[in-house]
Every structure is written in structure tokens, then in C-alpha cells.
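First the structure, in the form of C-alpha cells, and then the observations on it.
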Amino acid sequence: MELLDSPIRKYAWGSRTAIATLQGRPTPTEEPEAELWMGAHPASPSRLAVSGTSLVDAIAADPPKMLGAANVERFGARLPFLLKVLAAAQPLSLQAHPTLERARAAHAAGHPSYVDAWHKPEMLVALTDFDALCGFRDPAEAARDLAALGVARLKPTIDALSRSDVAAALHDAVGGLLSTPDQELVADVVAACRPRAAEQPAYGLVVSLAEQYAGDTGVIVATLLNRVRLRPAEAVWMPAGNLHAYLRGVGVEIMAASDNVLRGGLTPKRVDVEELLRVLRFEVLDDPVTRPIELSPALSSYPVPVPDFALHRAVLDETTPAVRLPGNGPRIVLCTRGSIRVDDGVVPVTLAQGQAAFAPAARPQLSVSGSGEAFQAATPE
């Protein structure tokens, strides 16, 4: 095992306490700390703590040893996943990610919204209570809530949402709102929601989002999505085309290693409406919450239908002080609570909370012991 020295990304929406507390550093931090990146993404790669070598360079020096021949054949000489701790003190942008096929074609064509040729399906597992928006809710329900506000300028959106064809209803409603941004409409909707914020969650959401994103049409688009409140260990899965936004909380996030993001509002950054409408899945997501599957009393998994990553969670205590983790490809183990010893049969390491270590594909299955919680990111077996 190799201890990792991993970078922290500092964005305005981040927390001044969460990641520092996890790592045992003083709080509050001077700047907001949003994401702890563990992996070999070129934008912010981890380093091997002892040698100081970038994980990108270590992989490049011997891809088959580090990644396994099958992964090199499938993904190239790159770690196909990125593990993060995400700490949101304020809402992030509405966003979605493309399919692999669309990413490859658009990147090859030089499309300005695509920085690489990879998709970016992702999953977030809550470490604290976590508030998010994930996937579209029933457009008829959204139409009812918006109609009750009595805002005349919302009629085109309400009419679109009232169509019997769900996909067309959502497409036309989202497209209409984003294609013709209207700050006066947003102001009217916020004013109508404010006195009723306590009686309807969608209205309260509008008011709270408008405090940070005044005049942003994404404030209205957000009412079309499912409001999700995760408890620790619950997750949300966001495949290609899923419109989502993180609102507040701390979680472990795993994703395919890509930076392809199509934004839909709640951001000062560019919103590529045409491309966003192309990649979105205009369908109702009935149950956005993904719950872990228990493999043993101490071990659970979060299955996803992509080949880029697999995630397992181990919770160790005096009744189950040790467990063997599945997988034999490249793996990153992160300790999120307590103290965890990770043994790869060669060079074991002990992780304090907030620390992570990397195991190359050439190592056997890992065993973890101690008291606390750990997550393993890997490629599927």
C-alpha cells in the first residue's frame, strides 16, 4: 500500500470546517474547502506520500502493474475513477453529464463544452445528512405547484409541463426556461413563493436558492427535480443525462475520471442550453435514493451499471474488527472515521480518518481491520 497525499479543491461553495475536521486540522479554514480529490486525474492528481511522485507519473511508468492489463486495454493508461470527499456549504450548479458515445464524438469534433472524451457517471454516499436535487419528478405535480403561485408569466412553462407526453413536457419546460432567461419572471416567482415557503418544499427551495442566485432561471428549473434528503450511508446515483445539484452536506463521491459537465443554471459559468437539452434524460425518476447492499455484517456495496468503478463500505468495531475487501484491480481506500489498518500482503498501512492509500493491481485482495469506517474505490471484478 502507498499512502496518498491528495489535493483539496477550494471553491466558493465549500465548507470551512468539514474536510479540515475530517483530517484533524484546525477550523475554520482560511478559504472554503470543497473537494478532496483522491486519484490520478490530470487536473489535481494525488501524490505517493513517501516518494512525492504523482500518481499519474507512477501509473505511466508501469501501466499493467498499476492498473492491470484488462483495465489498460479498456481504459488506456489512466485510472478510470476518481474518489472525492465533497463538502457543500452552499448549493452547487444544476448539471448533467454525457454518455460515453456523446463525449467521444463531441470531443473529437472540438465541441467547446467537452474537455475530454470520457463520460462522468457518478455516485455520492452521504457521510452526514445530505440535501440534493436528483432527477425529474412528475411534471404534472410540478405544473400544479407552479400554477398555484398565480404567476401569469409562468403559463408557457405550466402548459408545457401539462402535456401528456412526459418526455416532451419536461423537454419543452426546461428548454423554454433556459433558452429565454427572464430575470423578471424569476423575481415574480420568488415573490410569490416567499409568503408560502413554509407550506410547500418547492416554494422554500425557490426562496433559498434565490438568495444566492438572484435572477437565475435555474431557480425555477430546480422545482422540476426531486428534492432528496439522504441519511448517512444512503446514496444518489447519477448516470448520464441525470439533471442534479448538491445543496448541502458532506459525502464520499465516486465517478468516472472526467471533467465533462453540462450546466443548467445556479451558476455564473456558461450554460450550453443546446447541448444540455441534447444529453438530458427527460424521464421521471421515481426513487432517487440508492441504498447499500449488505454483503456481510461489516461490508456493503453500492452497485452501479458502469465498468469504470465499484464502491464498497466497511464498518469495523469490536464485534467485527476485520474484513476482506473485494477486488484485485487498482484500489483506493479512504478512512472516514476512526483508525483503519489496510493490509495488501506486502506493505500494510494504518489510516487515520481523512487519509487514503493506493493499492496497485499487482497486489492481492485487501483486508481491513481496526475500528471505524472505510470506503474502497476500485474497478469492478
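Taking the conditions (1) under 12 Å from the mean Cα position of the chain (by Cα); (2) at positive phi in turn, Leu266 satisfies each one other than (1).
Go through the residues of region 235-255 one by one and say whether even a single one is part of a loop (DSSP other than H, G, I, E, B) and over 13 Å from Pro98 (Cα atoms). No, region 235-255 contains no residue that is part of a loop (DSSP other than H, G, I, E, B) and over 13 Å from Pro98 (Cα atoms). Only one of the numbered conditions (1) over 30 Å from Pro305 (Cβ atoms); (2) more than 22 Å from the chain's Cα centre (by Cα); (3) touching a residue at least 24 places away in the same chain (Cβ under 8 Å) is not met by Leu209, and that is (2).
Residue-by-condition table, conditions (1) open to solvent by less than 30 Å² (accessible area, probe 1.4 Å); (2) assigned to a loop (DSSP other than H, G, I, E, B):
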site	(1), (2)
Val72	no, no
Arg78	no, yes
Gln95	yes, no
Ala105	no, no
Gly110	no, yes
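Ala233: of a type in the set (A, V, I, L, M), surrounded by fewer than 21 Cβ atoms within 10 Å (Cβ to Cβ) and under 18 Å from Pro288 (Cα atoms), yes or no? Yes: the conditions hold for Ala233. Take the conditions (1) open to solvent by 40 Å² or more (accessible area, probe 1.4 Å); (2) touching a strand residue (DSSP E or B) at 6+ places or on another chain (Cβ under 6 Å); (3) not charged (D, E, K, R); Thr27 misses just one of them, which is (2). Pairing residues of region 1-24 that are closer than 24 Å to Thr53 by Cβ with residues that are modelled with pLDDT under 95 and surrounded by 18 or more Cβ atoms within 10 Å (Cβ to Cβ), at Cβ distances under 6 Å and at least 6 apart in sequence or on separate chains, gives Met1/Asp344. Scanning region 205-222 for residues that are touching a Cys at 6+ places or on another chain (Cβ under 9 Å) and either of a type in the set (Val, Ile, Thr) or more than 19 Å from Phe136 (Cβ to Cβ) (or both) yields Val206, Val207, Ala210. The lone criterion from (1) touching a strand residue (DSSP E or B) at 6+ places or on another chain (Cβ under 7 Å); (2) more than 25 Å from Arg25 (Cα to Cα) left unmet by Ala357 is number (2).
The values are calculated or read from the model by the stated rules, or taken from the named source; none is laboratory data. Computed from a predicted model, the values in this text were never measured in an experiment. Glycine also receives a Cβ, built like all others from the backbone with ideal geometry; neighbour counts cover every protein chain displayed. Remember, those area values only see protein heavy atoms, side chains included, never the ligands or the DNA or RNA. Shrake-Rupley method; radii C 1.70, N 1.55, O 1.52, S 1.80 Å.
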